[in-house]
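Visitor: The structure under discussion is supplied below as structure tokens; questions concerning it will follow.
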Amino acid sequence: MTYLAGMVSVEQRLQGLQLKNALPVITLEQALRSVAKGRADVAVLPGTEADYVLARFADLKIQKVQPALEQLPMYHYIHRKHQALVKPLTEQLQRQQTAGSVNELQQ
């Protein structure tokens, strides 16, 4: 199994499993190539980003397994110099969430 080093959500779940062959890698491409070359049986990765890499490297004969293992919340972070944007941005995101367009983006 391979995963991106530093993905806290994955690393926390792996701690309890005591896997001997878990392979942390630095890039999505490294993770996917490890699976393609048989060095790992599975890669646990963020779906949208992995899809982007797979689209760029057609030589990788890898299939995405559905449904996703987990949905993680995403947040936006703004530099203090843009503090005036926090309220209007939050309001707009709330409107989009109510309308369902945020869910469409996540799919």
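Visitor: Does residue 65 count as out of contact with any Cys (no Cβ under 8 Å at 6 or more places or on another chain) and either of a type outside the set (A, V, I, L, M) or loosely packed, with under 14 Cβ neighbours inside 10 Å (or both)?
Guide: yes
Visitor: I'd like to know if the range 24-43 contains one or more residues that are at pLDDT below 90, out of contact with any Gly (no Cβ under 8 Å at 6 or more places or on another chain) and either on the phi > 0 side of the Ramachandran plot or surrounded by 11 or more Cβ atoms within 10 Å (Cβ to Cβ) (or both).
Guide: Quick first cut of the range 24-43, residues at pLDDT below 90 only: none.
Taking every residue of the range 24-43 in turn, none turns out to be at pLDDT below 90, out of contact with any Gly (no Cβ under 8 Å at 6 or more places or on another chain) and either on the phi > 0 side of the Ramachandran plot or surrounded by 11 or more Cβ atoms within 10 Å (Cβ to Cβ) (or both).
Visitor: Tell me whether the range 89-106 contains one or more residues that are surrounded by 13 or more Cβ atoms within 10 Å (Cβ to Cβ) and either in contact with a strand residue (DSSP E or B) (Cβ under 8 Å, 6 or more places away or on another chain) or modelled with pLDDT of 90 or more (or both).
Guide: Within the range 89-106, one or more residues are surrounded by 13 or more Cβ atoms within 10 Å (Cβ to Cβ) and either in contact with a strand residue (DSSP E or B) (Cβ under 8 Å, 6 or more places away or on another chain) or modelled with pLDDT of 90 or more (or both).
Visitor: Tell me, please, whether a residue that is more than 22 Å from residue 4 (Cβ to Cβ), of a type in the set (Lys, Arg) and not in a loop (DSSP other than H, G, I, E, B) can be found in the range 87-106.
Guide: yes
The values are calculated or read from the model by the stated rules, or taken from the named source; none is laboratory data. What you see is a predicted model; the values in this text were computed from it and never measured. FYI the Cβ positions are ideal-geometry reconstructions off the backbone, even for glycines, and counts take in every protein chain you see.
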